[in-house]
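All remarks here apply to the structure that follows.
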Amino acid sequence: MKNINVRVDLSEDNDLLQRHRTWWTPNQKQCEIWVGSALAFNTLQTCEKDSAFIAIRLSDIDESAKLNAKYRNKSNPTNVLAFPFLTQDWPEEGSGAPLGDLALCPEIIKNEALIQNKTEENHWAHLIIHGTLHLCGYDHDHSKNRKIMEEIETDALKSLGIANPYLLV
């Protein structure tokens, strides 16, 4: 297992800040731990640096739906969207390779956690690990790729003491 220095920039949609929230959201340190866990189990050649940078944005349902429509041609909001920043011209060692951006919707994550009988914190961990793996180049469009990605997710979660989320659904 690799040890990677991770930096996360966590920002929140202004509308979310204005409304009374009934959902739990992670802090920056928690996000960095989860991203680091995903990167520690990454076996693709897309991230071989010893440090990485990811921007995470918390979006409301409307913004999530707009992003999903614009970038995935799907009209509904979603739990996590990944926008990779993959290039051959990585920054020099120590400056933190920018992996990309994640957009997460706390309202959807809370509802999914309730439906799937998971804690919000564990579901957040899973989705940030899942999104980070997308930033590294993993996908789950085909059964072979899905199996590989799910195994990495469950290994990363297990390293954090979190049960396999695919067995809980």
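Set side by side, the residues 121, 93, 112, 107 differ, and just one is farther than 18 Å from residue 28 by Cβ and at pLDDT 95 or above, which is 112. How about region 93-139: which of its residues are of a type outside the set (S, T, N, Q), without any contact (Cβ under 8 Å) to a residue 40 or more places away in the chain and part of a loop (DSSP other than H, G, I, E, B)? Matches in region 93-139: 139 only. Residue 66 meets each of the listed conditions (1) closer than 22 Å to residue 126 by Cα; (2) surrounded by 13 or more Cβ atoms within 10 Å (Cβ to Cβ); (3) at pLDDT 90 or above apart from (1). Of the residues making up region 140-169, those that are modelled with pLDDT under 95, part of a loop (DSSP other than H, G, I, E, B) and open to solvent by less than 80 Å² (accessible area, probe 1.4 Å) number 3. Among the residues of region 124-137 satisfying the criterion of being within 19 Å of residue 98 (Cβ to Cβ) and open to solvent by less than 20 Å² (accessible area, probe 1.4 Å), which is modelled with the lowest pLDDT? Of everything passing the filter in region 124-137, 136 is modelled with the lowest pLDDT.
For region 19-27, the criterion of being of a type outside the set (D, E, K, R) and modelled with pLDDT of 90 or more is met by at least one residue.
In the set (1) within 21 Å of residue 145 (Cα to Cα); (2) modelled with pLDDT of 95 or more; (3) over 16 Å from the mean Cα position of the chain (by Cα), residue 43 fails one condition alone, (2).
Among the residues making up region 114-164, those that are charged (D, E, K, R) and farther than 19 Å from residue 43 by Cα are 118, 120, 121.
The values are calculated or read from the model by the stated rules, or taken from the named source; none is laboratory data. Not measured: the values here are computed from a predicted model. No Cβ is skipped: glycine too gets one built from the backbone with ideal geometry, and neighbour counts run over all protein chains shown. Surface accessibility is based on the protein's heavy atoms, side chains included, excluding ligands, DNA and RNA. Shrake-Rupley method; radii C 1.70, N 1.55, O 1.52, S 1.80 Å.
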